[in-house]
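Student: Below you'll find the structure I mean.
The values are calculated or read from the model by the stated rules, or taken from the named source; none is laboratory data. All figures in this text were calculated on a predicted structure; none of them were measured in a lab. Heads up, the Cβs are rebuilt from the backbone with ideal geometry, glycines too, and the neighbour counts pull from every protein chain shown. Heads up: the accessible areas ignore ligands, DNA and RNA and are worked out on the full protein's heavy atoms, side chains in. Shrake-Rupley method; radii C 1.70, N 1.55, O 1.52, S 1.80 Å.
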Amino acid sequence: MTAEVAEPVPAQTQEELFEAVIAAEQRIEPRDWMPDAYRATLIRQIAQHAHSEIIGMQPEGNWLTRAPSLRRKAILLAKAQDEAGHGLYLYAAAETLGVDRAELTEKLISGRQKYSSIFNYPTLTYADVGVIGWLVDGAAICNQVPLCRCSYGPYARAMVRICKEESFHQRQGYELLMTLMRGTEAQRRMVQDAVDRWWWPSLMMFGPSDGDSPNTARSMAWRIKRHTNDELRRRFVDMTVPQAEHLGVTLPDPELRWNEERGGWDFGEPDWSELTRVIHGQGPCNTQRIDRRRAAHEDGAWVREAATAYAAKRRAEVGARTADEAQNTPEQENGK
Ligand SMILES: [Fe+2]
Ligand SMILES: [Fe+2]
């Protein structure tokens, strides 16, 4: 925020006030007026983000019962629990915009809302757990750190905590891979194979290239988004290449080379037709992920019913006690 924008804003309309708050790098809060399209964009983005956290537990959850040691199992459990927590913060942030979490879940399991396409790929070996932490959580960090400055307050605040946990996720993944790389030849091959399979899908996590991302300009004007997809993708590649070298793996891109002029890495074009296919439901695990989420939701119906009944009972008890106290108060005062 700069000194001149902190001056009282001579706003004429709610829209001008909204624009002034955005321009001043201040936050829009749930009770503030906001354009319908701003609200709708945020609901779509936050819901998609929340769904990704929840669906994202599945690929790694696949390995919970087969972790190679108690230590690895405890780490993976903690990570999966963190992801559940991220989903919950984000659903709560979406609810401040006037939608209901049950409605969002319904939209996810009926295919009307999306989640990150990366979670439609299978986890074939334990090295995938490490590569997901390193590359997928790494890409998530690049995407999410700028969201800590998002113009919508509840989303920005949720992201601060989420980013701290994502950075732990990335480090646990890298540490797991370092351990495997110090192991046998077969373990090193397993890491390289996982890197080969996850590299391009990780680059696709930033979305289509800028020319094919029509909503970017508006999201940037509203300061929901701070950088374009291509900027974030470049940042991710620049961060990751030296880590790959240190680890001793090859990134599967023959066009990867240092650009002296730009001071960054040039890289090849992801296969965008693959991203389109996966987004439209034809990835390797799309059906499995949604079926499992739907089954978990249905299996959990009794828990939601019990919690609702308990909350109603508590409300009734508190109500009866308050009514009792209201009746008894004069007598107690008289008795003193
Ligand atoms: Fe997360
Ligand atoms: Fe994570």
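Student: Determine the gain in length on full extension of the stretch Trp272-Asp324; use 0.36 nm per residue of separation and subtract their C-alpha separation, reporting nm with one decimal.
Tutor: Additional length available on full extension: 12.1 nm.
Student: Suppose each label sits 7 Å from its Cα in the direction of the beta carbon; what would the Glu29-Ser209 distance come out to in nanometres?
Tutor: Rounded to a tenth, the inter-label distance reads 4.4 nm.
Student: Looking at the range 143-207 from every direction and averaging, what is the projected area of its Cα convex hull in nm²?
Tutor: Projected area, direction-averaged: 5.1 nm².
Student: In Å, what Rg and Dmax follow from the Cα atoms of the chain?
Tutor: Considering the chain through its Cα atoms, Rg and Dmax are 23.9, 89 Å.
Student: Filter the chain for me: DSSP H helices, axial length by Cα at least 18 angstrom, mean Kyte-Doolittle hydropathy not below -1.0. List them by residue number.
Tutor: Membrane-span-like by this criterion, though nothing is claimed about a membrane: 36-55, 70-95, 153-181, 185-204, 229-247.
Student: Please identify, among Glu60, Glu261, Glu274, the residue showing maximal mean-square fluctuation in a Gaussian network model of the chain using a 10 angstrom Cα cutoff.
Tutor: Between Glu60, Glu261, Glu274, it is Glu261 that shows the largest mean-square fluctuation.
Student: Test of understanding: what is the full-extension gain from Glu106 to Phe168, defined as 0.36 nm times their sequence separation minus their Cα-Cα distance?
Tutor: Result: 19.2 nm gained on full extension.
Student: Given a Förster radius of 30 Å and the C-beta distance between Glu231 and Ala40 as r, what FRET efficiency does 1/(1 + (r/R0)^6) yield to the nearest 0.05?
Tutor: Efficiency, from the Cβ-Cβ distance: 0.75.
Student: Cβ under 14 Å from Lys313's Cβ, Lys313 left aside: what net charge do those residues give with Lys, Arg +1 and Asp, Glu -1?
Tutor: Combined, the nearby Lys, Arg, Asp and Glu give +1.
Student: For the range 251-336, what is the Kirkwood estimate of the hydrodynamic radius, computed as the reciprocal of the mean inverse distance between distinct Cα atoms, to one decimal in Å?
Tutor: So the Kirkwood estimate lands at 20.1 Å.
Student: P(r) tail for the range 252-294, what percent of Cα pairs lie past 13 Å?
Tutor: For the range 252-294, the share of Cα pairs beyond 13 Å comes to 67 percent.
Student: Show that you can apply the helix-only estimate: for the chain, add -39,500 (n - 2.57) for every DSSP H stretch of four or more residues, divide by all residues, and state [θ] at 222 nm to the nearest 500.
Tutor: The helix-only estimate for the chain comes to -21000 deg cm²/dmol at 222 nm.
Student: Largest first, what is the accessible-area ranking of Phe168, Phe267 with a 1.4 Å probe?
Tutor: Order by accessible area, largest first: Phe168, Phe267.
Student: Going by the alpha-carbon gyration tensor, a ≥ b ≥ c the square roots of its eigenvalues, is the range 187-234 rounded (a/c under 1.5) or, if a/c is not under 1.5, prolate (a/b greater than b/c) versus oblate?
Tutor: Since a/c reaches 1.5 and a/b is larger than b/c, the shape of the range 187-234 is classed as prolate.
Student: Of Met181, Met57, which has the most accessible area with a 1.4 Å probe, and how do the rest follow in descending order?
Tutor: Met57, Met181
Student: Still on this structure: Taking the simple approach of a point 7 Å from Cα along Cα-to-Cβ for both Val160 and Asp299, what is their distance in nm?
Tutor: 3.7 nm
Student: While we're looking at this one, here's another question. Ranked by accessible surface with a 1.4 Å probe, highest first, in what order do Ile28, Ile75 come?
Tutor: Result, largest first: Ile75, Ile28.
Student: Out of the chymotrypsin sites (Phe, Trp or Tyr not before Pro) in the range 184-245, which ones are loop residues according to DSSP with at most 13 other C-beta atoms within 10 Å?
Tutor: Nothing satisfies the criteria.
Student: Using the reciprocal of the averaged 1/r over all distinct C-alpha pairs, how large is the Kirkwood radius of the range 80-173 in Å?
Tutor: By the Kirkwood definition, the hydrodynamic radius is 14.4 Å.
Student: May I pose another question? For a quick check, take a GNM of the chain with Cα springs below 10 Å and name the residue from Tyr38, Tyr310, Tyr115 with the largest mean-square fluctuation.
Tutor: Looking only at Tyr38, Tyr310, Tyr115, the largest GNM fluctuation is found for Tyr310.
Student: Hey, what did the chain get for relative contact order, percent, Cα under 8 Å, at least 6 apart?
Tutor: 17 percent
Student: Could I ask something else about it? Mean projection of the alpha-carbon convex hull of the range 161-275 over all orientations, in nm²?
Tutor: The directionally averaged projection comes out at 8.9 nm².
Student: How far is it, in nm, from the label point at Ala20 to the one at Glu261 when both lie 7 Å from their Cα along the line to the Cβ?
Tutor: Simple spin-label model gives 4.6 nm for this pair.
Student: Next question. Tell me the relative contact order for the range 1-133 as a rounded percent, counting alpha carbon contacts under 8 Å between residues six or more apart.
Tutor: 27 percent
Student: Let me ask something else. Roughly how many Å² is the accessible area per residue of the chain, as a whole number, for a 1.4 Å probe?
Tutor: Heavy-atom SASA per residue in the chain reads 53 Å².
Student: Given R₀ = 41 Å, what would the calculated FRET efficiency be for His246 paired with Ala221, taking r from the Cβ atoms and rounding to 0.05?
Tutor: 0.60
Student: Right, something else. Highest GNM mean-square fluctuation, the chain, Cα pairs closer than 10 Å: which of Thr96, Thr287, Thr308?
Tutor: Thr308
Student: Pulled fully out, how much extra length does the chain show between Arg149 and Leu124, if you take 0.36 nm times their separation in residues and subtract their Cα-Cα distance?
Tutor: Taking Arg149 through Leu124 to full extension adds about 5.4 nm, to one decimal.
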